[in-house]
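Since the structure comes first, as structure tokens, the remarks are kept for the end.
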Amino acid sequence: MTIWTLGPAGTFSSEAAQKLFPNETLHYAANFDHLFSELEKNDTAIGVVPIENSLHGSVHEVMDCLFTADVSLWKVHDVSITHALGAQSAEGITRIASHPQALVQCRSYLAKHFAQAERFPVSSTAYALKLAAEDSSVAAIAREDAIEKQGLNILARNIEGENNTTRFGIISKKDPYPDTQRTRTSIVLHPHEDRAGLLHALITPFKVYDVNMSKIESRPTGQQLGEYLFFIDFVGTQNDPRVQKVFEELRDIASISVLGTW
């Protein structure tokens, strides 16, 4: 079994992948585009990616890749996230480096204790630690054990905000869990045209057929300014008669792409 996640080792993604697949060797992607391209090449490869955070919302880059790639979401796993701040010393810090998600999740702490420091987004928490090890003016937000492994001092613990949880998705071309019973579905709606009352028309079928829509979020199509896709999660699967009724009505006003059932 080939398991891909966002690298390098020491990221929260790698921690989640290790928990989910403790007996497998992890392969690390440089970025999400790289990860999805590897999954498209190999029918048996599995990816572990962050899809949503309780404080910061959806990981848009992953959602966009799910929409465009020939890969589906099959299962989710929620992980409690704890962040710490590490540096060579507490003196002379002018930049706080980390993955953009971590920087946002720790915004309240940074505003209180490092209001004047530049927030420096990088590709991963592991890379942020490398910068901090090389430059005494940089502090890094990362996992506590990763900070210690890098040989840095821990300046603060539990800086992530209250109830910080990230939902990781298990993705692949083919279903790695064919016998699993699933209860939720993620879709993308691409409206045929923009018009007054469009959003109301998109959500009305869920109300009419009593299908619980748990999330709706708009994202630019990337084709034209003001043109949007609608990412929706709901309780139910395509085998449910009520969901089939919802899809029948939605197809009159939008194309439907199923990201996965989990």
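Key figures
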{"read-out": "Subset of the stretch 18-35 that is open to solvent by less than 70 Å² (accessible area, probe 1.4 Å), without any contact (Cβ under 8 Å) to a residue 40 or more places away in the chain and within 18 Å of the chain's Cα centre (by Cα) - its residue that is nearest to Met63 (Cα to Cα)", "value": "Phe32"}
{"read-out": "Tally of residues being over 18 Å from Glu52 (Cα atoms) and open to solvent by 60 Å² or more (accessible area, probe 1.4 Å) across the stretch 164-179", "value": "4"}
{"read-out": "Every residue from the stretch 226-260 that is part of a strand (DSSP E or B), out of contact with any helix residue (DSSP H, G or I) (no Cβ under 8 Å at 6 or more places or on another chain) and polar (S, T, N, Q)", "value": "Ser255"}
{"read-out": "Tally, over the stretch 205-223, of residues that are open to solvent by 50 Å² or more (accessible area, probe 1.4 Å) and either more than 25 Å from Thr68 (Cβ to Cβ) or not in a strand (DSSP E or B) (or both)", "value": "7"}
{"read-out": "Residues of the stretch 68-82 satisfying the condition of being part of a strand (DSSP E or B) and open to solvent by 20 Å² or more (accessible area, probe 1.4 Å)", "value": "Ser72, Trp74, Lys75, Val76, His77, Asp78, Ser80"}
{"read-out": "Members of the stretch 101-122 that are of a type outside the set (S, T, N, Q), within 18 Å of Glu52 (Cβ to Cβ) and either open to solvent by less than 60 Å² (accessible area, probe 1.4 Å) or in a loop (DSSP other than H, G, I, E, B) (or both)", "value": "Ala102, Leu103, Val104, Cys106"}
{"read-out": "Number of positions in the stretch 50-67 that are in contact with a helix residue (DSSP H, G or I) (Cβ under 7 Å, 6 or more places away or on another chain), assigned to a helix (DSSP H, G or I) and surrounded by 18 or more Cβ atoms within 10 Å (Cβ to Cβ)", "value": "2"}
{"read-out": "Extreme residue, most open to solvent (accessible area, probe 1.4 Å), among residues of the stretch 1-17 that are under 17 Å from Lys130 (Cα atoms) and assigned to a helix (DSSP H, G or I)", "value": "Phe12"}
{"read-out": "Single condition Ile96 does not satisfy, out of (1) under 24 Å from Ala17 (Cβ atoms); (2) part of a strand (DSSP E or B)", "value": "(1)"}
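The values are calculated or read from the model by the stated rules, or taken from the named source; none is laboratory data. On a predicted model such as this, the values are computed, not experimentally measured, just so you know. So basically every Cβ, Gly included, is an ideal-geometry build from the backbone, and we count neighbours across all protein chains shown. The protein model used for the area step is the full one, side chains on, heavy atoms only, and it has no ligands, DNA or RNA in it. Shrake-Rupley method; radii C 1.70, N 1.55, O 1.52, S 1.80 Å.
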